[in-house]
C-alpha cells in the first residue's frame, strides 16, 4: 500500500514536472497552429480558447479534471485532432516493434549469457564479452544505418522504410534487439556467475544432483531474478517506443510522435504521452516487486512476515 | 615512486583491455591535437564537387556541399573529446556533490534523492533530454548538460553507496569523536577513499554519455551546422544513404572506434581498481 501511495505521488510529480518544463519553454504553441498572416486578435482569442493565458496551476487542474472526468486528453495543437486518436493509431506499431525486439532479445540473451557464465574464460565467453562491448559502443542510429545499407540498399532483401507489412519490421527489430541484447547478456552472465559462487550450488552439486538439473533449477532460477526485474522495467518502453529507431526507419510510432511533438512544442500530446508512460512505469515497478516475491522465497517470507 | 603506485602501474600495463583502450584513445587524442596538420582541408572548405565517392584525392569522398569528409571526420575528434571532458567533469561534480551528501547525511536528503531518481526514471531519457535542450537552447555544451541532468542518478548512486559504507568505519567514527566538522569528515576522511569509486564510475559511464550526446546531435538538438560533429554528419548522411553511403559510414566508424576505446579503458580501470568485480 505504501508503494502504491508513492507511485501515485510519482505520477502526479511527473505530470507537474512535464507541465512546468513545457510552461518554461521558449516559443508559443499558437505560432505552430497559425501562420504569420493571422491577426493578433485572432491569436489572443486562440490563446484564450486553449487556456494558455491561465496561470500554470489553473491549466494543470483543468487538464487533470478533463482526463479524470471525461477521459479527454485534449486536442493536439499540431494535428488538431484529439490526442487519444493519435495515440490509438501509434501504440500498436510501437508495441509490435518493441515487443518483438524484447522477445527475441530474451530468447537470445538468456541462453547465451548462461553459456558464457558456465564456460567462463573459454573462447566463447571472451568472444561474447568483447562482441557485446562492441555492440554497446555502437550508437543505435549507426547500427540502423548499416543494416539499411547492407540489407535494404545493397541486397534489397527488405524495404528501407515504411510500416505496412511484416517485412518492414525486420530491420528495425534487428537494430533495436542488437542494441539491448548486449546489456541483457552481460547482466545474465554476471548474475549467473554470482549464483554459481553460492554455497547452495556447491551443496547441490556435492550431493550428486545431475549437473543440468542444478543449472536450470538452482542457478538459472535465482540468476533470473534481476533479469526479470529489468524486463519488467523495460515494459513501459513498449508503449513509449524507440525514438531513434522509429525515426531512422520511418515508423510513425509513439517514439516518433513524442519526438515530433516535443520539437514543435505540441504541449497536449507531450503531456498525455508522458502521463501514460509514467503510469505504466509505476505499475511495472509494482508488478516487478510482486514477481521478485514470487521468484525469491526469502523476499516472500520478508513481505509475508509483515515487518514492511 | 611509492610501491602502491608502482603496483597500480604494473596492473595497468598487464591489463589487456586497459592497454588496448589506452592506445585507441591516445590515437584519437593525437589526431585531435594535430587535426590542422593531418586534415587535407578545413572542415568548412568547399574543396570539390559534391558527392564524389572515395578516391585518391578524397579518401573518404566529399559530402553534399563538396566538403572533404576525411577532414570533417578528423576535426570531429575535437568535438567528441570536448564532450568527453565536459561530460566527465559534470559526472564528477554530480557524483561528489549528490552522492557524497546523500550517503553522508542520509535521512530526508536521501529520501528526496530516491524520489527524484524514481521521478527521472518515469520519463524516457531521450525525451527528457530533448525537453531540457529545448529549454536551455540547442548547442553542444547544452546537450551534454541535458544528458547529465537525465543520467545524474547513475552518477550519484555508486558514490552514495560507497559513502554509506565508509561512514560507519572506525576511522570516520574516530574523527567524529575528535570533534571534526561534517565538512571535514566528508572531504578529508571520506572523499579520498571514494576516489577509486569515482574513477570507476566516470570511466564506466562516460561511453554512454558520449553516445547519448551524439544521439542528441543526430536528432538535431546538439551541435548545429556547420560543425563537424559525427552525430550531426551521420544524420545528414542518412538522407543520402542510398546514393552516398560514405557520408554516414566514416563518421560512424570514427565514433564506434572512440567509444570502444573509452569502453575498453573503462573496463580495464574497473578491473584494476575494483578487484571484487573481476573475481566474478
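Among A:58, A:14, A:81, which is the only one that is closer than 30 Å to residue B:138 by Cβ, at pLDDT 80 or above and surrounded by fewer than 13 Cβ atoms within 10 Å (Cβ to Cβ)?
A:81
Listed here are the residues, each with its yes/no results for (1) surrounded by fewer than 24 Cβ atoms within 10 Å (Cβ to Cβ); (2) in contact with a helix residue (DSSP H, G or I) (Cβ under 7 Å, 6 or more places away or on another chain); (3) at positive phi.
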{"position": "A:237", "(1), (2), (3)": "yes, yes, no"}
{"position": "A:241", "(1), (2), (3)": "no, yes, yes"}
{"position": "A:257", "(1), (2), (3)": "no, yes, no"}
{"position": "A:261", "(1), (2), (3)": "no, yes, no"}
{"position": "A:264", "(1), (2), (3)": "yes, yes, no"}
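Consider residue B:85 against the criteria (1) closer than 29 Å to residue B:149 by Cα; (2) surrounded by 15 or more Cβ atoms within 10 Å (Cβ to Cβ): it satisfies all of them except one. Which criterion is unmet?
(2)
Just the residues that are at the interface with chain A (Cβ under 9 Å from one of its Cβ atoms) and surrounded by fewer than 22 Cβ atoms within 10 Å (Cβ to Cβ), please, taken from the range B:228-240.
B:238
Going by what's in this entry, would residue B:219 be described as within 24 Å of residue B:141 (Cα to Cα) and within 13 Å of chain A (Cβ to nearest Cβ)?
yes
Those residues that are within 8 Å of chain A (Cβ to nearest Cβ) and buried (at least 20 other Cβ atoms within 10 Å of the Cβ), I need them from the range B:241-250; list them, please.
Answer for the range B:241-250, where residues must be within 8 Å of chain A (Cβ to nearest Cβ) and buried (at least 20 other Cβ atoms within 10 Å of the Cβ): B:241, B:245, B:248, B:249.
Name the helices (runs of 4 or more DSSP H) wholly within the range A:135-215 that hold at least 2 residues that are within 14 Å of chain B (Cβ to nearest Cβ) and at pLDDT below 85? Step through it out loud before you land on a result.
Numbers: elements: A:140-147, A:167-196, A:199-206.
Helices (runs of 4 or more DSSP H) meeting the threshold: A:140-147, A:167-196.
I'd like to check which helices (runs of 4 or more DSSP H) are fully inside the range B:163-280 and have at least 3 residues that are more than 25 Å from residue A:143 (Cβ to Cβ).
Correct list: B:170-177, B:191-218, B:246-273, B:275-279.
Can you tell me which residue within the range B:115-155, out of those that are outside any helix (DSSP H, G or I) and farther than 12 Å from residue A:21 by Cβ, is farthest from the other protein chains (Cβ to nearest Cβ)?
Among them, the one singled out is B:139.
If you scan the range A:119-129, which residues turn out to be assigned to a helix (DSSP H, G or I) and either modelled with pLDDT under 85 or in contact with a helix residue (DSSP H, G or I) (Cβ under 8 Å, 6 or more places away or on another chain) (or both)? So that I can check it myself, show each step before the final result.
Step one: list which residues in the range A:119-129 are assigned to a helix (DSSP H, G or I), which gives A:123-129.
The answer is A:124, A:125, A:128, A:129.
Do we find a residue being under 30 Å from residue B:60 (Cα atoms), within 14 Å of chain A (Cβ to nearest Cβ) and surrounded by 15 or more Cβ atoms within 10 Å (Cβ to Cβ) anywhere in the range B:191-207?
If we filter the range B:191-207 for residues that are under 30 Å from residue B:60 (Cα atoms), which is where we start, we get B:206-207.
Right, trim to within 14 Å of chain A (Cβ to nearest Cβ) and you get B:206-207.
Cutting the leftovers down to surrounded by 15 or more Cβ atoms within 10 Å (Cβ to Cβ) gives us B:206-207.
Within the range B:191-207, one or more residues are under 30 Å from residue B:60 (Cα atoms), within 14 Å of chain A (Cβ to nearest Cβ) and surrounded by 15 or more Cβ atoms within 10 Å (Cβ to Cβ).
What number of residues in the range B:56-97 are out of contact with any strand residue (DSSP E or B) (no Cβ under 7 Å at 6 or more places or on another chain) and part of a helix (DSSP H, G or I)?
Here the count works out to 28.
Taking the range A:228-261 only, how many residues are away from chain B (no Cβ under 11 Å) and not in a helix (DSSP H, G or I)?
Residues meeting the conditions: 4.
How many residues are part of a loop (DSSP other than H, G, I, E, B) and surrounded by 22 or more Cβ atoms within 10 Å (Cβ to Cβ) if we restrict to the range B:98-114?
0
Select from the range A:195-229 the residues that are farther than 21 Å from residue A:289 by Cα and either touching a residue at least 24 places away in the same chain (Cβ under 8 Å) or within 27 Å of the chain's Cα centre (by Cα) (or both) and list them in ascending order.
Listed by number, the residues that qualify are A:196, A:198, A:215.
Select, from A:110, A:114, A:143, the only residue that is buried (at least 21 other Cβ atoms within 10 Å of the Cβ) and under 30 Å from residue B:210 (Cβ atoms).
Within the list A:110, A:114, A:143, the selection yields A:143.
Of the residues that make up the range B:258-267, is at least one surrounded by fewer than 21 Cβ atoms within 10 Å (Cβ to Cβ) and either more than 14 Å from the chain's Cα centre (by Cα) or farther than 21 Å from residue B:74 by Cβ (or both)? Before the answer, list the steps.
At the first step, the residues of the range B:258-267 found to be surrounded by fewer than 21 Cβ atoms within 10 Å (Cβ to Cβ) are none.
No, that holds for no residue.
The values are calculated or read from the model by the stated rules, or taken from the named source; none is laboratory data. Please read all numbers here as calculations on a predicted model, not as lab measurements. No Cβ is skipped: glycine too gets one built from the backbone with ideal geometry, and neighbour counts run over all protein chains shown.
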